[in-house]
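Enquirer: Structure provided below as structure tokens; questions to follow.
The values are calculated or read from the model by the stated rules, or taken from the named source; none is laboratory data. All values derive from a computational prediction rather than experimental measurement. Note that we place each Cβ from the backbone using ideal geometry, even for glycine, and neighbour counts take in every protein chain shown. Surface areas here come from the heavy atoms of the whole protein model, side chains and all, with no ligands, DNA or RNA. Shrake-Rupley method; radii C 1.70, N 1.55, O 1.52, S 1.80 Å.
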Amino acid sequence: MKKRNLFRVFVLAALAAGAVFSATSCTEENNGTDPSSETAAVCGVVKDTYGNNLEDVDVIIRTTDSSKEVVAQTKTRYDGTFAVPVVPSNAGFVSFEKEGYSKVSITISKEQFSEGAVFLSPVLEFASASITGRVLNALENNTPFAGVSVSIGVQNLTTGADGVYEFKNLTLQDYTLTITKAGCATITKTIKVEDFDEEGRAVLEDIMLGGKEILPGLSAQDLKDTPKWYINEYRGGYGNGGGEKDWSTVFMSAQFQRWVGGWEMQNEGCTLRFTNEPAKADDVNMDVFNTFTYGSKLITEDNRIMSVNVRCHQATDENPAYWGVQVVDLSAAEPVAVKIGGDNGISKHTNGDYSTYDFDLGEYVGKEVIIAIGRYVHHEGEWNQLCISHVSFASARIERDAFLESAGAEEVKTGWHMTKEEVRSMMPNPRTKLIGYTPSGVNVQTKGNPAYKNWAGTGHICSEWGFQYVSKDTEPLAGEGFVFKTRSNVNANYDVPESYFYSKLSIAAGHNTVKVHMRNFSGSEPTTCSVAAITTDGEMHFLYPAASSVVDDLKAVEGTDCFEFIHEKGGLDVPDEYGVFVFDLSEYNGQDVVFTLAVHKGAVRGGEQKICLHSIDIE
């Protein structure tokens with residue numbers, strides 16, 4: 001919605017009287033009152049955020065004591081000006097209110113009163129947006145739920161007999177909606193600017209409250225919108241001593257988009273801590289997670305074994321880290337969190353060495369279930385940390401540094417580390433717009449709080465697609481976009497890439513064209529790429545761009561499945577200058593295919609060849 005159009009009716013021609021209105025006229029309104037009488041004239045002009053003068057704004061002056069007694073009230077004139085000739089010094093609280101705009105309040109100090117005249121120039125922001133919805137009682141056949149507290153920031157409402165809530169006079173921005181009721185799990189919903197329609201209204205789906213808490217703070221209704229674990233392999237950690245598979249590969253911290261409680265990125269992996277450290281007596285519970293991460297996963301015969309590789313800080317044989325996996329089947333008549341694996345559902349790790357634990361999800365084959373990995377508090381004063389290095393889903397156990405084919409599955413192409421099992425069991429990702437650059441406002445430190453911890457939910461490709469390390473790691477925080485690249489001074493290899501992005505896509509009309517926006521960093525040496533569609537039978541079908549903005553410096557590499565290009569233009573300040581490469585997948589309409597974008601070492605030995613990925617659009 002364009003705010004400027006909404007303000008059009010308020011734009012007035014500037015008049016000379018309004019243009020010269022100032023503190024001078026405020027003094028004139030004082031009519032010679034002696035400043036020692038502790039009164040003053042209060043005058044001013046009210047504008048909107050575009051500089052337009054606002055008419056008919058209520059100007060209300062109240063005392064500054066707890067009574068907030070109204071001592072004077074007026075409205076702004078056609079030119080936005082107002083004047084109250086005599087205001088006592090104990091009435092220094094002035095509010096400006098107009099339907100469709102945010103309220104503004106100003107407090108006048110004693111020093112300002114002593115001058116005998118006070119000039120105010122508040123700016124009111126357009127605020128006629130609204131958020132509305134309804135809360136239903138999940139325990140009473142989804143009937144309207146009265147008496148529920150609904151809040152956005154400092155604004156609070158209570159639902160009536162119809163269960164409806166409505167926040168009015170809102171500015172257009174992101175909001176977090178919180179729904180609370182004694183005895184019920186608290187629910188939070190995020191409303192984005194794009195959720196408001198052209199009239200400024202955000203109408204939310206019915207919220208079911210009162211359901212039984214299944215995971216800490218989460219009912220079955222809450223779990224229905226759990227982010228999906230689309231791919232079958234995740235790695236965490238900065239990488240110990242130089243990287244390879246652990247360094248900037250699958251970005252577990254971004255892919256696992258829901259982390260609850262105390263956790264952080266560490267060199268050794270994504271680390272589950274405690275909400276209190278050391279743990280308090282009230283935290284002790286060997287049935288309910290204290291800190292956990294969770295996601296939704298479709299289980300098949302090809303990915304039924306979940307392998308989790310962990311190590312610890314400060315754990316010993318006498319003081320192990322108690323942790324485990326819980327599964328929630330939302331299709332059950334009474335969904336509950338079920339412990340699996342370990343000793344009666346509890347796993348224990350005792351040292352700083354990495355070990356792999358496997359969990360059999362066979363009873364859930366054919367179902368999409370919620371899987372949670374979490375920590376239990378065993379005793380008061382407990383302190384240790386559990387670092388998760390590698391989580392994988394395959395037909396057999398996968399060790400820490402192994403690729404999925406180590407379970408005995410066949411690769412789609414030798415050296416790619418993508419198995420036919422993975423192609424079959426990967427979940428289609430419906431997202432149509434992805435970015436490779438770090439969004440504005442996201443922390444970009446490389447240590448302590450890396451950007452990829454905060455990519456979750458931003459549409460960043462590393463929080464949505466898989467990234468497969470083969471021979472070379474990445475530059476995840478380059479300013480122009482996500483950079484993945486080749487090694488230096490190695491022989492050309494057009495069969496096996498250095499690394500690649502991948503995702504399963506459901507191909508259909510309106511969802512069968514992939515546009516990749518990217519560049520390289522050389523005006524003389526090309527970057528070599530391949531793009532493929534892998535069908536569910538495990539066959540790779542390589543694609544050449546059906547169209548491209550790069551014309552003269554794009555060509556197929558003869559005798560291979562690759563193409564190469566030179567295009568140095570493009571940056572975050574000039575996004576339209578990236579090269580655009582269009583791939584037509586319409587021949588796969590009605591099918592699910594795994595789409596891959598790979599970088600290969602080309603014929604030039606020299607230094608690294610790079611792809612700088614700005615964004616991908618699927619349309």
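Enquirer: Please sort by residue number the GluC sites (Glu not before Pro) in region 382-436 whose DSSP state is loop and whose Cβ has at most 11 other Cβ atoms within 10 Å. Mind dumping the intermediate values first?
Expert: Working: sites: 382, 399, 405, 410, 411, 421, 422; in loops: 382, 399, 410.
Those that pass, being in a loop and sparsely packed, are 410.
Enquirer: Let me ask something else. Could you tally up the Lys pairs in region 401-536 with alpha carbons closer than 29 Å? Skip any pair fewer than 8 positions apart unless they're on separate chains.
Expert: Lysine pairs meeting the criterion: 28.
Enquirer: In addition: Hey, what's the Cα Rg ratio for the chain versus the globular rule of thumb, 2.2 N^0.38 Å? Walk me through the intermediate numbers first.
Expert: Details: Rg = 30.3 Å, N = 619, 2.2 N^0.38 = 25.3 Å.
Taking the Cα Rg and dividing by 2.2 N^0.38 Å, one obtains 1.20.
Enquirer: Now for a separate question. What number, in nm² with one decimal, is the all-direction average of the projected area of the convex hull of the alpha-carbon atoms of region 562-619?
Expert: 5.4 nm²
Enquirer: Hey, what's the Kirkwood Rh for region 91-163 if you take every pair of different alpha carbons, in angstrom? Intermediate values should be presented prior to the final figure.
Expert: Working: mean 1/r = 0.0626 Å⁻¹.
It works out to 16.0 Å.
Enquirer: Further, regarding this structure: Pop out the carbon and sulfur fraction of the accessible area of the chain as a percent, whole number, probe 1.4 Å.
Expert: Details: 12040 of 26280 Å².
In the chain, the share of accessible area belonging to carbon and sulfur is 46 percent.
Enquirer: How big is region 311-357 in terms of Cα radius of gyration and Dmax, in angstroms?
Expert: 13.8, 41
Enquirer: Right, something else. For region 513-594, report the % of Cα-Cα distances exceeding 21 Å.
Expert: On the way: 1136 of 3321 pairs.
More than 21 Å apart: 34 percent of the Cα pairs in region 513-594.
Enquirer: Report, largest value first, the span of the C-alpha coordinates of region 348-427 along each principal axis, in whole Å.
Expert: 51, 30, 16
Enquirer: Quick check: convex hull over the Cα atoms of region 380-525, volume per residue in Å³, rounded to an integer? Don't jump to the answer; show the numbers that get you there.
Expert: Numbers: hull volume 29.4 nm³, N = 146.
Output value, Cα hull per residue: 201 Å³.
Enquirer: If you don't mind, there's one more thing I want to ask. Along the charge dipole of the chain, pointing to its positive end and built from +1/-1 on Cβ of Lys, Arg, Asp and Glu, which listed residue (333, 548, 479) has its Cα farthest out?
Expert: After comparing all options, I get 479.
Enquirer: Taking N as the number of residues in region 405-488, what value does Rg over Cα atoms divided by 2.2 N^0.38 Å take? Walk me through the numbers on the way to the answer.
Expert: Numbers: Rg = 15.2 Å, N = 84, 2.2 N^0.38 = 11.8 Å.
Output field value: 1.28.
Enquirer: Now a separate question. Please state the Cα pair-distance histogram of region 136-236 with 5 angstrom bins from zero: what percent is in each bin?
Expert: Reading upward from the zero bin: 2, 11, 20, 21, 18, 13, 7, 4, 3, 0.
Enquirer: Sticking with this structure for a sec: What is the log10 of I(q)/I(0) for region 58-130, computed with the Debye formula using one identical point scatterer on each Cα and no solvent, at q = 0.21 Å⁻¹?
Expert: Here log10 of I(q) over I(0) equals -0.95.
Enquirer: Follow-up question, since we're still on this one. First obtain the Kirkwood hydrodynamic radius of region 463-547 from its Cα pairs, then insert it into the Stokes-Einstein equation at 10 °C and 1.306 mPa s, and state the resulting D in µm² per second as a whole number. Mind showing how you got there, number by number?
Expert: Working: Rh = 15.1 Å.
My calculation gives 105 µm²/s for D.
Enquirer: Follow-up question, since we're still on this one. Residue by residue, what Karplus-based ³J(HN,Hα) values in Hz, rounded to whole numbers, does region 92-101 have, using 6.51, -1.76 and 1.60 with θ = phi - 60° and x for Gly and Pro?
Expert: Taking θ as phi minus 60°, the curve returns x, 9, 10, 10, 10, 9, 8, 4, x, 10 Hz for region 92-101.
Enquirer: Non-local amide H neighbours of residue 550 (under 5 Å, H modeled in plane, Pro and chain starts lacking H): which ones?
Expert: Here the answer is 580, since their amide H atoms fall under 5 Å of that of residue 550.
Enquirer: Another question about this same structure. Please report, in whole Å³, the volume per residue of the convex hull around the C-alpha atoms of region 78-214.
Expert: Values: hull volume 22.7 nm³, N = 137.
Given the Cα convex hull of region 78-214, per-residue volume reads 166 Å³.
Enquirer: Convert each backbone phi in region 61-66 into a coupling constant with the Karplus relation 6.51 cos²θ - 1.76 cosθ + 1.60 (shift: θ = phi - 60°), then list the ³J(HN,Hα) values in order as whole Hz, x for Gly and Pro.
Expert: Result, ordered by residue: 10, 10, 5, 8, 7, 5 Hz.
Enquirer: Something else: Taking θ as phi - 60°, what are the ³J(HN,Hα) couplings along region 107-119 by the Karplus curve (6.51, -1.76, 1.60), each to the nearest whole Hz, with x for Gly and Pro?
Expert: 9, 8, 7, 4, 4, 5, 4, 5, 7, x, 8, 10, 10
Enquirer: List the chymotrypsin sites (Phe, Trp or Tyr not before Pro) within region 273-356 that DSSP assigns to loop and that have no more than 14 neighbouring Cβ atoms inside 10 Å.
Expert: Details: sites: 274, 289, 292, 294, 322, 323, 354; in loops: 274, 289, 354.
Passing sites in region 273-356 do not exist.
Enquirer: How big is region 481-619 by the Kirkwood estimate over distinct Cα pairs, in Å?
Expert: Details: mean 1/r = 0.0656 Å⁻¹.
Hydrodynamic radius (Kirkwood, Cα only) of region 481-619 equals 15.2 Å.
Enquirer: Accessible area per residue for the chain in Å², computed with a 1.4 Å probe and the full protein assembly in place, what is it? Numbers along the way, then the final one.
Expert: Values: 26280 Å² over 619 residues.
Averaged over the residues of the chain, the accessible area is 42 Å².
Enquirer: Taking amide H atoms as placed 1.01 Å from N in the peptide plane, list the residues 5 or more away in sequence, or in a different chain, whose amide H sits under 5 Å from that of residue 256.
Expert: none
Enquirer: Add -39500 (n - 2.57) for each DSSP H run of 4 or more in the chain, then divide by its residues: what number comes out at 222 nm, to the nearest 500 deg cm²/dmol? Could the numbers behind the result be given before it?
Expert: On the way: 7 runs with 35 residues, N = 619.
Value at 222 nm, helices only, nearest 500: -1000 deg cm²/dmol.
Enquirer: Another question about this same structure. Roughly how big is region 142-287's charge dipole about its Cα centre, with Cβ charges of +1 (Lys, Arg) and -1 (Asp, Glu), in debye to the nearest 20? Could the numbers behind the result be given before it?
Expert: Numbers: 13 positive and 22 negative charges, 42 e Å.
Charge dipole of region 142-287: 200 debye, to the nearest 20.
Enquirer: Using unit Cβ charges (K, R positive; D, E negative) and no other charged atoms, how large, in debye to the nearest 20, is the dipole of region 301-401 about its Cα centre?
Expert: Working: 8 positive and 16 negative charges, 31 e Å.
Once rounded to the nearest 20, the dipole reads 140 debye.
Enquirer: A further question follows. Where the only charges are on Cβ atoms (+1 Lys, Arg; -1 Asp, Glu), what is the dipole of the chain about its Cα centre, to the nearest 20 debye? Don't skip to the answer; put the middle values down first.
Expert: Working: 53 positive and 84 negative charges, 89 e Å.
Here the chain has a charge dipole of around 420 debye.
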